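Worksheet for the structure shown next.
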Amino acid sequence: MASMKPGERKLQILQTLAAMLEQPKGDKVTTAALAARLEVSEAALYRHFASKAQMFEGLIEFIESTVFGLINQISEQEESGLAQVQGIAAMLLSFAERNPGMTRVLIGDALVNEDDRLQQRMNQFIERVELALKQSLRIAATQGQAQEAEVALRANMVTSVVLGRWHRFAKSGFRQSPTENAQAQVALLLR
C-alpha cells in the first residue's frame, strides 16, 4: 500500500467511491465507510483530498472530461446535425449504463447533503450538454433537417429524455436500462 504513488492512490479512492455509489440502495457514502473499504484511515483519505466535496469534484471532473471529449468527437466525425444529436444522446445514455455510480452523481442523488456547489456544477454540466445539442440542431437547421425556431425546444426535450432515463436507471436499482428503445424515442423527438 505504501508503495503506491499519490496519483494512483487518488485514482483508487475515486474508483472506490464510484463503486460504492453503484450500490442499488443508494446509501449515503461516508468517509468512514470509504476508508474502511480501502483499508486505510480517514486521515489517509484527507492526505489526498481536502474534503469529501473534493472527492466528488474528482468524479465530476472525470464525467465532464469524458462526456465533453466524446461530444467533441461526435461533432467532428458526424456531418449531419441530426446524427450528431442522436450520437450525443446515445453516448450520454450508454455512459450512464457503463458507469452506474456516476449516474447517481449525474442526477444529483449522490450529492444530496453535500456542498451546494457540487449540485450547481452538475446543473452547469446539464446546461452545457443542452448547449451542445442546440449547436448540433442549428447545424441540422442549416442542412434543412430541422426548423431553426424549434432548436431550443428540441434540445430541451432530448435533454429531458436523457435526464429521465438516467433517473429511471438509478431509481430502478440500475435494472431499467437507459439505452433500451432510446434511439427510437430520440428519433421521434427529432421528426
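All of the numbers you see were taken from the coordinates with simple rules; none came from a lab. The shown structure was predicted, so the numbers you read here are calculated from the model rather than taken from an experiment. Counting neighbours? That spans all protein chains shown, and the Cβs are built from the backbone with ideal geometry, glycine included.
The table for this structure:
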read-out	value
Residue tally, condition without any contact (Cβ under 8 Å) to a residue 60 or more places away in the chain, more than 22 Å from Arg138 (Cα to Cα), surrounded by fewer than 21 Cβ atoms within 10 Å (Cβ to Cβ) and not basic (Lys, Arg), over the range 56-104	6
Selection count where residues are in contact (Cβ under 8 Å) with a residue 40 or more places away in the chain and either assigned to a loop (DSSP other than H, G, I, E, B) or touching a Pro at 6+ places or on another chain (Cβ under 8 Å) (or both), scope the range 176-191	4
Number of the exception - Lys25 against (1) in a helix (DSSP H, G or I); (2) in contact (Cβ under 8 Å) with a residue 40 or more places away in the chain; (3) within 30 Å of Met157 (Cα to Cα)	(1)
Candidate set: the range 133-191, residues that are of a type in the set (Ser, Thr, Tyr) and either in contact with an Asp or Glu (Cβ under 7 Å, 6 or more places away or on another chain) or farther than 18 Å from Ile71 by Cα (or both); chosen: the one surrounded by the most Cβ atoms within 10 Å (Cβ to Cβ)	Thr159
Selection status of Leu137, in contact (Cβ under 8 Å) with a residue 24 or more places away in the chain and in a helix (DSSP H, G or I)	yes
Residue identified as exposed (fewer than 14 other Cβ atoms within 10 Å of the Cβ), in contact with a helix residue (DSSP H, G or I) (Cβ under 7 Å, 6 or more places away or on another chain), among the hydrophobic types (A, V, I, L, M, F, W, C) and farther than 30 Å from Arg138 by Cβ among Ala18, Ala53, Ala32, Ala36	Ala32
Looking only at the range 39-50, and only at residues there that are assigned to a helix (DSSP H, G or I) and not aliphatic (A, V, I, L, M), the one that is surrounded by the most Cβ atoms within 10 Å (Cβ to Cβ)	His48
Unique residue being touching a helix residue (DSSP H, G or I) at 6+ places or on another chain (Cβ under 9 Å) and assigned to a loop (DSSP other than H, G, I, E, B) when the list is Ala170, Ala146	Ala146
Residue selected from the range 113-124 under the condition more than 22 Å from Gly87 (Cα to Cα), of a type in the set (S, T, N, Q) and part of a helix (DSSP H, G or I), by the criterion nearest to the chain's Cα centre (by Cα)	Gln119
Selection count, the range 125-179, where residues are β-branched (Val, Ile, Thr) and more than 21 Å from the chain's Cα centre (by Cα)	3
Neighbours by Cβ (under 8 Å, 6+ apart or cross-chain): first from the range 31-44, free of Cβ contacts under 8 Å to residues at least 12 places away in the same chain; second small (Gly, Ala, Ser) and outside any helix (DSSP H, G or I)	Ala35/Ser41
Residue within the range 91-112 that is in a loop (DSSP other than H, G, I, E, B) and in contact with a Phe, Trp or Tyr (Cβ under 7 Å, 6 or more places away or on another chain) present	yes
